[in-house]
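Step one of this worksheet: look at the structure below.
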Amino acid sequence: MPSAKSEIVLKFSELPQAKPLPDKKVEVELIDQNGIAFTAILNAKSWRKAEANAAGFEMWAGPISGKLGEGSQGLKIVDAGIQIFEKKPKTASEESVGEKT
């Protein structure tokens with residue numbers, strides 16, 4: 001059977017709670033729209049940077065991405081990374097482009 005590479009991206013617009021772990025790591029938990037629980041272990045430095053970016057933006061969104069693995073409760077994101085992006089508010093002309101007449 002051919003092997004495949006599995007990666008996952010979880011998008012969010014609200015920072016999850018982080019639980020400190022040994023070795024300068026933090027653990028975050030997210031639940032998707034289907035009720036599936038995901039646990040990701042992130043570098044504490046990356047988490048602090050993401051928190052600072054989220055606090056600095058009026059509107060933002062971000063993904064946690066990594067390889068999919070099995071956890072004891074739900075699924076695990078292995079070698080996880082996090083990013084925060086600023087969301088620009090839509091102007092009136094951009095909103096009207098999406099509307100159908």
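All of the numbers you see were taken from the coordinates with simple rules; none came from a lab. A quick note: this is a predicted structure, and the numbers were derived from the prediction, not measured. Note that we place each Cβ from the backbone using ideal geometry, even for glycine, and neighbour counts take in every protein chain shown.
The relative contact order of the chain comes to 27 percent, based on Cα pairs under 8 Å that sit 6 or more residues apart.
The residues neighbouring S46, those whose beta-carbon lies less than 14 Å from its own, together hold a net charge of +1 under the Lys/Arg +1, Asp/Glu -1 convention. Dipole check for the chain: with +1 at the C-beta of Lys and Arg, -1 at the C-beta of Asp and Glu, and the Cα centre as origin, the magnitude is about 300 Debye. Two decimals is fine: what is log10 I(q)/I(0) at q = 0.16 Å⁻¹ for segment 7-89, from a Debye sum with one equal scatterer on every Cα and no solvent? Debye output, listed in q order: -0.58. Largest GNM mean-square fluctuation across G71, G35, G62, computed for the chain with C-alpha springs under 10 Å, falls on G35.
Partner lysines whose Cα lies under 20 Å from the Cα of K90, excluding those fewer than 8 positions away in the same chain, are identified as K11, K100. Here the dipole of segment 15-57 is about 260 debye; that uses its Cα centre as origin and unit charges on the Cβ of Lys and Arg (positive) and Asp and Glu (negative). Summing +1 for each Lys or Arg and -1 for each Asp or Glu among the other residues whose beta-carbon sits under 14 angstrom from that of F57 gives -1.
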